[in-house]
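Remarks on the structure that follows.
The values are calculated or read from the model by the stated rules, or taken from the named source; none is laboratory data. The shown structure was predicted, so the numbers you read here are calculated from the model rather than taken from an experiment. Here the Cβ is made from the backbone with ideal geometry for all residues, glycine too, and neighbour counts use every protein chain on show. Each accessible area value is taken on the protein alone, full model and side chains, heavy atoms only, with ligands, DNA and RNA left out. Shrake-Rupley method; radii C 1.70, N 1.55, O 1.52, S 1.80 Å.
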Amino acid sequence: MSYQENNTVKLKLAIQKSGRLYDDSIKLLKECGIDVNNGMNKLKADATNFPLEVFFLRDDDIPQYVQDGVADIGFVGENVVYEKNKKVVLSEKLGFGKCRLSIATQRNEAYTNVTYLQGKKIATSYPVILADFLRKNNIQAEVHEISGSVEIAPGIGLADAICDLVSSGSTLFMNGLKEAEVILQSQAVLIKNNALTAEKQQLLDRLIFRIESVKRAKNNKYVLLNAPNDNLQQIISLLPGMKSPTVLPLAEKGWSSVHSVLNENDFWDIIEQLKSAGAQGILVVPIEKMII
Ligand code: ATP
Ligand code: ZN
């Protein structure tokens, strides 16, 4: 049944139908409490518990569909968003699909800076982003667009360098290449059509509220520890918590149990300081959702 028939507006989301972003896209929806019944090779599916319809597409096509309003929103790599250069709004970073778009040269070449690329031939699937980078750096180079297996181009004499996505660098290594220049840091993002109706924007706000709670939870850990009462104030001062830490007396006299939330970034620093302040039995627990 379409939303016109049952009179409920649905948000139309485009995600990659298979590939590196598929699993994490479905996982993020699930963590937001949204289940999608996607049978094999289906083009679209309804969410069972949120007014959402999911389209499964090639990632390269997602910005166009969102620009045209065929989909209201999409999950896609920033690299694809910038390369396709469509009129869409970049609304939220999603925290998965992290990679970088880099220039790589043959390992034995002496690369010192971008001037190395002057007059060279560079193979890429990202001609728009690469041309922009070269223009900004006043480099004249020949851009050779190929759609896949870019990393083999230098080895077969097709190009002097490549511009391609890298995550671990192992593909470059296996092909005798080295990463010379990072030109874009990328991750999956939520893009939206730039003329959403108020009703759809409201649905999107609900979805973003959930996405942010999931992302926040991933960046934080719940910490429980035992603290000697003599050092309680010092230990509390190390633990900001969401408001302030919870402190409960232990059965053993002179000791308290302290519960708090710690950010992933300063996690180890604070754990070390807690230990030197006399904290014991420190437990660290993942958080599933964090609503502030
Ligand atoms: P499609 O069939 O949908 O066109 P694709 O082959 O273009 O798929 P994938 O290789 O599945 O795409 O990559 C999808 C996205 O995953 C990339 O555009 C990028 O944003 C992200 N990604 C993360 N890490 C990497 C990596 N190491 N190599 C390539 N892409 C990566
Ligand atoms: Zn693609």
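Whole-Hz Karplus values for the stretch 120-127 come out as 8, 9, 10, 8, 7, 9, 10, x Hz, taken residue by residue from phi with 6.51 cos²θ - 1.76 cosθ + 1.60 and θ = phi - 60°; glycine and proline positions read x.
Counting only protein heavy atoms and using a 1.4 Å probe, what share of the accessible area of the chain belongs to carbon plus sulfur, as a whole percent? Exposed carbon and sulfur together represent 49 percent of the surface.
Please give me, ordered by residue number, the trypsin sites (Lys or Arg not before Pro) of the stretch 220-287 that lie in loop per DSSP and have at most 12 other Cβ atoms within 10 Å.
On the way: sites: 221, 243, 253, 275; in loops: 243, 253.
Counting only loop positions with at most 12 other Cβ atoms within 10 Å, the trypsin sites (Lys or Arg not before Pro) in the stretch 220-287 are 243, 253.
Normalised radius of gyration (Cα atoms, divided by 2.2 N^0.38 Å) for the chain: 1.29.
Close amide H contacts of residue 220 (hydrogens built in the peptide plane, cut-off under 5 Å, sequence separation of 5 or more or a different chain): 264. Sites listed here are chymotrypsin sites (Phe, Trp or Tyr not before Pro) in the stretch 76-131 whose DSSP assignment is loop and whose Cβ has at most 15 other Cβ atoms within 10 Å, and the list is empty. Our note on the geometry: Cα centres of the stretch 39-104 and the stretch 163-177, 25 Å apart. With the simple model of a label 7 Å out from the Cα in the direction of the Cβ, residue 187 to residue 86 spans 2.3 nm. Computed with a 1.4 Å probe over protein heavy atoms only, the accessible surface of the chain comes to 54 Å² per residue. All other residues whose Cβ lies under 12 angstrom from that of residue 80 are scored, Lys and Arg at +1 and Asp and Glu at -1, for a net of -1.
Couplings 3J(HN,Hα) for the stretch 92-104, derived from phi with the Karplus relation 6.51 cos²θ - 1.76 cosθ + 1.60 (θ = phi - 60°), are 7, 7, 9, x, 10, x, 6, 6, 9, 9, 10, 9, 10 Hz, where x marks Gly and Pro. Scanning residues 5 or more positions from residue 241 or on other chains, those with amide H under 5 Å from its amide H are 261, with H placed 1.01 Å from N in the peptide plane. Between helix 267-276 and the chain there is an angle of about 30 degrees, using the helix long axis and the longest principal axis of the Cα atoms.
Which whole-number percentage describes the relative contact order of the chain, with Cα contacts under 8 Å and a sequence gap of 6 or more?
On the way: 553 pairs, mean separation 52.7, N = 292.
Computed over the chain, the figure is 18 percent.
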